[in-house]
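Where a number appears in this text, it was derived from the coordinates with a stated rule and is not lab data. The model shown is predicted, which means the values in this text are computed figures rather than measured ones. As a convention, Cβ positions derive from the backbone with ideal geometry for all residues, glycine included, and neighbour counts pool all protein chains shown.
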Amino acid sequence: MTPPRSCANKRRGHGTFENDRPPVVGTVGRTTGLIRIEVRKRTTKSELNEQIESFTKPQTTCNTNEWSGYSDIYKMERTHKTVRHGMKNMQEMMMVMVLMRCIQIP
């Protein structure tokens, strides 16, 4: 799946392939250190659930943002905790730094 272009436009809100801002979904294993990043067509509940079921084990704690697409995580035998993006704490900043080192942007 190739995104339509390499730079996102400046529109606010969630991106999709249709609005030229393909979403990137990442999963980081805190114990293993494994990072899995995928470009998705959109961030629907079914797309996000597929990512979670593919890359996490039951009884895993999933830390996500407050997007409603994550609301069924508990049905997959995972613990769900949310992170508010407005909060600027050290742990969030470190996660972004780790992801930035793993994504090479041409």
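Listing for the model above:
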{"item": "Under Karplus coefficients 6.51, -1.76 and 1.60, residue-wise ³J(HN,Hα) of the stretch 26-39 in Hz, glycine/proline x", "result": "x, 10, 10, x, 5, 7, 7, x, 5, 10, 10, 10, 9, 7"}
{"item": "Ranking of 34, 48 by count of other Cβ atoms within 10 Å, fewest first", "result": "34, 48"}
